[in-house]
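To start, the structure under review is shown below, and the notes come after it.
The values are calculated or read from the model by the stated rules, or taken from the named source; none is laboratory data. Values in this document were obtained by computation on a predicted structure and should not be read as measured data. Cβ coordinates were reconstructed from backbone atoms using ideal geometry, including for glycine residues, and neighbour counts include every protein chain displayed. These area figures cover heavy atoms from the full protein model, side chains too; ligands, DNA and RNA do not enter into them. Shrake-Rupley method; radii C 1.70, N 1.55, O 1.52, S 1.80 Å.
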Amino acid sequence: MNPLYAKSVIVLANVLMIAIRAPHGRRSRETPVAKSRKGAMEVVLLKIALATYFLTLVWVATPFLAFADYPLHPVPFCAGALCMAIGMWLFRQSHNDLGANFSMSLEMRKRHQLVTHGIYRHIRHPMYLAFFVYLTGQSLVLPNWLAGPADGVAMLLLFAFRVGPEERMMFEEFGTEYGQYMAATGRLTPRLRSLRRW
């Protein structure tokens, strides 16, 4: 299979992801920060994630990473494209449900509210789930041993080091309400009792 198919899917998916996030990011930047836990660790993790994102673009635009290429096959390509589409839907839904409460980092904006409707009714961190599904798909679509999994590894690191502090910050802000929400939902997958209400 021609790698141009993979490059086309990745470029299109990146354009769509940017189009989904851009208005939410703009609105977030316009809302004053009420509380921030953005420390050195998060800055480093975000820079790693940005570097791996650009590694994908380097593969698309240049032959620099060709030494790690492997043949592109239809089955993983189609499965990966499907995962990317599902991940993109989750990404869009997460942003829409969060509304003005979206923040790219460990920050809470003024008038921040606890979101427990929509997809957040069943999953506490659907945006991380969206990235995991999307990046699993990207690793199948992108036939390169280095650029293919790089974004996914960066996201795993970001999740591992950030989700705990993020939940502590939410608990400090919303107290018992957030504790009850944690008990009723899973981090990345719905809990059984949550599925019964679906």
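Before moving on, here are some points about what is shown:
- Scanning the stretch 55-75 for residues that are part of a helix (DSSP H, G or I) and farther than 12 Å from residue 142 by Cβ, we see that the one that is most open to solvent (accessible area, probe 1.4 Å) is 67.
- If the condition is being of a type in the set (Gly, Ala, Ser) and touching a Lys or Arg at 6+ places or on another chain (Cβ under 7 Å), then the stretch 13-64 contributes 28, 34.
- Against the criterion of being of a type in the set (D, E, K, R), over 17 Å from residue 83 (Cβ atoms) and open to solvent by 40 Å² or more (accessible area, probe 1.4 Å), residue 167 does not qualify.
- Test: residue in the stretch 70-81 that is of a type in the set (A, V, I, L, M) and touching a strand residue (DSSP E or B) at 6+ places or on another chain (Cβ under 9 Å): no
- Listed conditions (1) assigned to a helix (DSSP H, G or I); (2) at pLDDT below 95; (3) open to solvent by 40 Å² or more (accessible area, probe 1.4 Å); (4) out of contact with any strand residue (DSSP E or B) (no Cβ under 7 Å at 6 or more places or on another chain) are all met by residue 173, apart from (4).
- Per this entry, residue 82 is not counted among residues that are assigned to a helix (DSSP H, G or I), of a type in the set (A, V, I, L, M, F, W, C), in contact with a Phe, Trp or Tyr (Cβ under 8 Å, 6 or more places away or on another chain) and within 22 Å of residue 126 (Cβ to Cβ).
- Residue in the stretch 179-187 that is of a type in the set (Lys, Arg) and surrounded by 19 or more Cβ atoms within 10 Å (Cβ to Cβ) present: no
- Test for residue 15: is it open to solvent by 60 Å² or more (accessible area, probe 1.4 Å), closer than 17 Å to residue 157 by Cα and part of a helix (DSSP H, G or I): no
- Test: residue in the stretch 28-40 that is out of contact with any Asp or Glu (no Cβ under 8 Å at 6 or more places or on another chain), modelled with pLDDT of 95 or more, of a type in the set (Asp, Glu) and more than 25 Å from residue 179 (Cβ to Cβ): no
Residue-by-condition table, conditions (1) closer than 30 Å to residue 99 by Cα; (2) at pLDDT 90 or above:
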residue	(1), (2)
25	yes, no
45	yes, yes
53	yes, yes
59	no, yes
65	no, yes
73	no, yes
77	no, yes
80	yes, yes
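- The stretch 96-110, residues that are in contact with a strand residue (DSSP E or B) (Cβ under 8 Å, 6 or more places away or on another chain), assigned to a loop (DSSP other than H, G, I, E, B) and open to solvent by 30 Å² or more (accessible area, probe 1.4 Å): 110
Results for (1) within 16 Å of the chain's Cα centre (by Cα); (2) more than 28 Å from residue 146 (Cβ to Cβ); (3) open to solvent by 50 Å² or more (accessible area, probe 1.4 Å), shown as yes or no for each residue.
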residue: 10; (1), (2), (3): yes, no, no
residue: 40; (1), (2), (3): no, no, yes
residue: 53; (1), (2), (3): yes, no, yes
residue: 77; (1), (2), (3): no, no, no
residue: 84; (1), (2), (3): yes, no, no
residue: 94; (1), (2), (3): yes, yes, no
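- Only residues that are part of a loop (DSSP other than H, G, I, E, B) and open to solvent by 20 Å² or more (accessible area, probe 1.4 Å) were counted across the stretch 111-126, and they come to 7.
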